[in-house]
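Read through the structure below, which is laid out as structure tokens, and then see the notes.
What follows draws every value from the coordinates through simple rules; no lab data is involved. The structure presented is a predicted model; accordingly, all values stated were derived computationally and were not measured. Every residue, glycine as well, gets a Cβ built from its backbone with ideal geometry; the counts of neighbours run over all protein chains shown.
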Amino acid sequence: GLSTGGTFVTVFGTGFVAPNQVCSFGDEVMAGIVLTSTAVVCTAPAHTAGNITLEVSKNGVDFTNDGVMFQYSSASDSWTMVPSTGPASGGTIVTVVGMGIEADQKLTASFGTVHASTQSVSHGEAVFIVPSSEKGSGNVKVTIMVDLGTVSDSLSFEYVPAMRVQMLAPSTGEVGLSTVVTVIGNDFHSSATCMAHGQAAAPTLLTTTFVTSSSLSCELDAQTAGTVTVEVSMNGAESDATNDRVSFVHAAPAVIDSISPNQVMYVDGQNQVTVRVEGSNFRNTQELACRLGMATPVAGHFVTSSAIDCLLEHDRSGNFTVGVTFNGVHYTSSAMRYEVLPAAEVTSIFPSAGSVNGGTRVTIAGRGLEGLTQCRFGSKTASVAIQKDGNL
């Protein structure tokens, strides 16, 4: 039992007689309550930690000499509480484990001077709901009181500022793919755990990495289409989680059907082209971006759920994929190619003169003319009629 005393001890033997049965705990004699001729209950007095002999007597003078040992433990060794940290707003559910706790006892707990609600009591443990702090953040003494006299004041609880979630980055992900998000907020504790609330009754605990007091890294598992809310708990329990209801959307992946234009010419100093990307499942997000091959992404302009405009930059000729992202993490790429043609160079024109009425067929020779479809004479354009041997 506890060194503070108050533990009810049932002694089993034979020949117990009411009403004068007593127990001796070392040199301390305590009155007993005879249950049957083979069982008597005595209350252990306070004593220093250690082992003592427990004997019984019918008259308070003649005691047994059986040498049965009773062990006293200090309160600090016998009582534990988990968790021992929670928000100053209260609500944390704590479990107290200690010797002498029984299901039929009335246990109460005080955090500082504020009484806690008792949720349940069973053999060896009790569950309490932590009250809100009367003085904000800081450590308070926790006092456990048992109606039969056992008292523990060796425990403490740390109140910390209540955490808040402000935003997620990104706030969208693709169905079937996990997404690592940065949770931005205030007063995050090193023990903080992210949890996602979806359609299931219980929240899903997420793999969480503490970054700073204002930033956590959390991994949302692959999900079906829909919206979940992300909260942060100090101890991985709903009882002390935030309630900011910041949403994360699992959406169908984007599909790219066409790119227009899909062919441009590389010209020094003119390496930006606005491209219309058409498809389906496009979303208007802050992270909307386009990427040419593996180049640095550039911001995209949302037009409709089936069209976006991208200002693509190229610094060389070649064939590239065009990727689109709506969360800065997952990219959708088209199987169609975006071709940047080498810069064209005209070496000769024959004939070099013709009628003002037009209609003259002109042959243009040079390098890099393959794939060209138009020529320009001054401010007027003409279509290419024939391509042969690299000439137009």
3J(HN,Hα) from dihedral phi, region 162-172, Karplus parametrisation 6.51/-1.76/1.60, rounded to Hz, x for glycine, proline: 5, 6, 9, 9, 9, 7, 10, 9, x, 10, 9
Where Rh is the Kirkwood radius over Cα pairs, Rg/Rh for the chain: 1.40
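Please arrange Arg291, Arg164, Arg376 by how many other C-beta atoms lie within 10 Å of their C-beta, fewest to most. Working shown, then result.
Values: Arg291 20, Arg164 16, Arg376 8.
Taking fewest neighbouring Cβ atoms as first place, the list is Arg376, Arg164, Arg291.
Assuming 0.36 nm per residue, please report the length gained on full extension of the stretch Met69 to Asp244 beyond their Cα-Cα distance. Could you put the intermediate results ahead of the total?
Working: separation 175, 0.36 × 175 = 63.00 nm, distance 5.58 nm.
Gain on extension, Met69 to Asp244, equals 57.4 nm.
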log₁₀ of I(q)/I(0) at q = 0.15, 0.16, 0.19 Å⁻¹ - region 21-142, Debye sum with one point per alpha carbon: -0.80, -0.85, -1.01
Cysteines having no other Cys beta carbon under 4.7 Å from their own, within the chain: Cys375
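In percent, what relative contact order does the chain have, based on Cα pairs under 8 Å that are 6 or more apart in sequence? Walk me through the numbers on the way to the answer.
Values: 977 pairs, mean separation 35.0, N = 392.
Taking the mean separation of contacting Cα pairs over the length of the chain, I get 9 percent.
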Computed lengthening from Thr113 to Ser37, 0.36 nm per intervening residue step minus Cα-Cα distance: 22.9 nm
Residue of His197, His123, His330 that the Gaussian network model of the chain assigns the largest fluctuation, springs spanning Cα pairs under 10 Å: His123
For Leu155, residues with placed amide H under 5 Å, excluding near neighbours: Val142
Computed over region 164-251: relative contact order in percent, which uses C-alpha pairs under 8 Å that are six or more apart: 36
Space enclosed by the convex hull of the alpha-carbon atoms of region 164-251, per residue, Å³: 73
Most mobile of Gln272, Gln374, Gln105 in a GNM of the chain (Cα contacts under 10 Å): Gln374
R0 of 22 Å, Cβ-Cβ distance Ala201-Leu177: FRET efficiency to nearest 0.05: 0.30
Within region 183-198, backbone nitrogen closer than 20 Å to the virtual label 7 Å beyond the Cα of Thr212 toward Cβ: 183-194
